[in-house]
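One structure below.
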Amino acid sequence: MSIIEIKDLIKRYDRNIAVDNINLKIEEGEIFGLLGPNGAGKSTTINMLCGLIDPTGGEIIIDGFKIHKKNTEYKRKLGLVPQQIALYENLCAEENIQFFGKLAGLKGALLKERVTEALEFVGLSDKRKSLPKSFSGGMKRRLNIACAIMHHPKIIIMDEPTVGIDPQSRNHILESVRKLNSMGSTVIYTSHYMEEIEVLCSRIAIVDHGKLIVEGTTEELKKHVASDEKIKIKVSDVNYNSIEEIKAIKGVRAVDYSDNMLEIITKHPQSLLQDILFILSKNENKLIGLELSEPDLETVFLTLTGRKLRD
């Protein structure tokens, strides 16, 4: 059963189209991954889901409620963990959670109970009287999650919840996502870390330039590049001419270069390898290492968007 339906969703800013006729259904009880490079339209879509900005066209239905200005009932069903940390630095951890709980309509004994529960869930019970300014980045992100879930929302939207944090806090957050989902929450999850999406999400949508490019399970997405292989070449340096010449080789589907690693997607790696190595050699790009690998979700993303997720 679909808990969220997005129909012909459009968002324009003057002549710029940020979201261009997106249609999606998100099923109740799943962890749904929303992927896209910077500027793809995913954050704009999330802001429209939360009612923070109005669509130019189309509609959003959340748990049977159509989103519009006069209907705010659906907001009680949502919990948002924003990309930018949203905390009050002059309030302690407990007071931050209380504030967001009151916004959700909680009060009295229930509010007090939920504050304690949320702090325990994110592992910050011993910090309930501490100010966020004394917290690490990871602790602030965990407190952000506590503020978003304390009213037991049916739908939790997590927009880049692990950006810039330590590995321990990152693992804690990923485990929290699994636990929230097992407790019945539907989760919409965006990340610049492909490995998080692969281990967490039951279905994934890729958006680029405001359009929905493809959606499905990880295995379904991999079928789009089932016959492709990835050539990974480590080099001392690559110049613009080399990259453009490799892109022009017939049979090359996508090329990316970052951190001295050249990644090339093609159906015919063996037959094209000689041409690729010749181009690198004549442009005096020193080769350090080479390997071939099977398609993965990163391959799908690079092939369909022409960019890596973190670009």
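Please give me the summed charge of the neighbours of residue 173: other residues whose Cβ is under 14 Å from its Cβ, Lys and Arg +1, Asp and Glu -1.
0
Counting charges near residue 98 (Lys, Arg +1; Asp, Glu -1) among other residues having Cβ under 11 Å from its Cβ returns a value of +3. Between residue 16 and residue 126, the C-beta separation translates, for a Förster distance of 51 Å, into a calculated FRET efficiency of about 0.60.
Which pairs, out of 25/230; 25/66; 107/154; 230/286; 66/112, put more than 23 Å between their alpha-carbon atoms?
Correct reply: 25/230; 66/112.
Here the range 71-88 and the range 130-150 have alpha carbon centers that stand 15 Å from each other.
Among the chymotrypsin sites (Phe, Trp or Tyr not before Pro) in the range 40-135, which ones are in a DSSP loop with at most 14 other Cβ atoms within 10 Å of the Cβ? Mind listing them? Sparse-neighbourhood loop chymotrypsin sites (Phe, Trp or Tyr not before Pro): 88. Here the Debye sum runs over all C-alpha atoms of the range 70-169 as equal scatterers in vacuum, and log10 of I(q)/I(0) at q = 0.19 Å⁻¹ comes out as -0.88.
Overall, the anisotropy analysis places the range 2-222 in the prolate class: the square-rooted eigenvalues a ≥ b ≥ c of its C-alpha gyration tensor yield a/c not less than 1.5, with a/b exceeding b/c.
Rounded, prolate or oblate: pick one for the range 161-303, where a ≥ b ≥ c are the square roots of the eigenvalues of its C-alpha gyration tensor, a/c under 1.5 means rounded, and failing that, prolate if a/b is larger than b/c, else oblate. Prolate, because a/c is 1.5 or more and a/b exceeds b/c. Considering only 94, 244, 198, the mean-square fluctuation computed in a Gaussian network model of the chain, springs between alpha carbons under 10 angstrom, is largest for 244.
Extending 7 Å from the Cα toward the beta-carbon at both residue 288 and residue 223 defines two label points whose distance is 3.9 nm. Near residue 207, the amide H atoms lying under 5 Å from its own belong to 35, 36, 213; only residues 5 or more places off or on other chains count, and H is placed 1.01 Å from N.
Under the criterion of Cα pairs below 8 Å and six or more residues apart, the relative contact order for the chain equals 20 percent.
For residue 160, the residues whose amide H sits under 5 Å from its own are 190, 191, ignoring neighbours fewer than 5 places away on the same chain, with H placed 1.01 Å from N.
Each value in this text was obtained by applying a stated rule to the coordinates, not by laboratory testing. Bear in mind the structure is a predicted one, so any value in this text is a computation, not a measurement. Cβ atoms come from the backbone with ideal geometry, glycine included; neighbour counts cover every protein chain shown.
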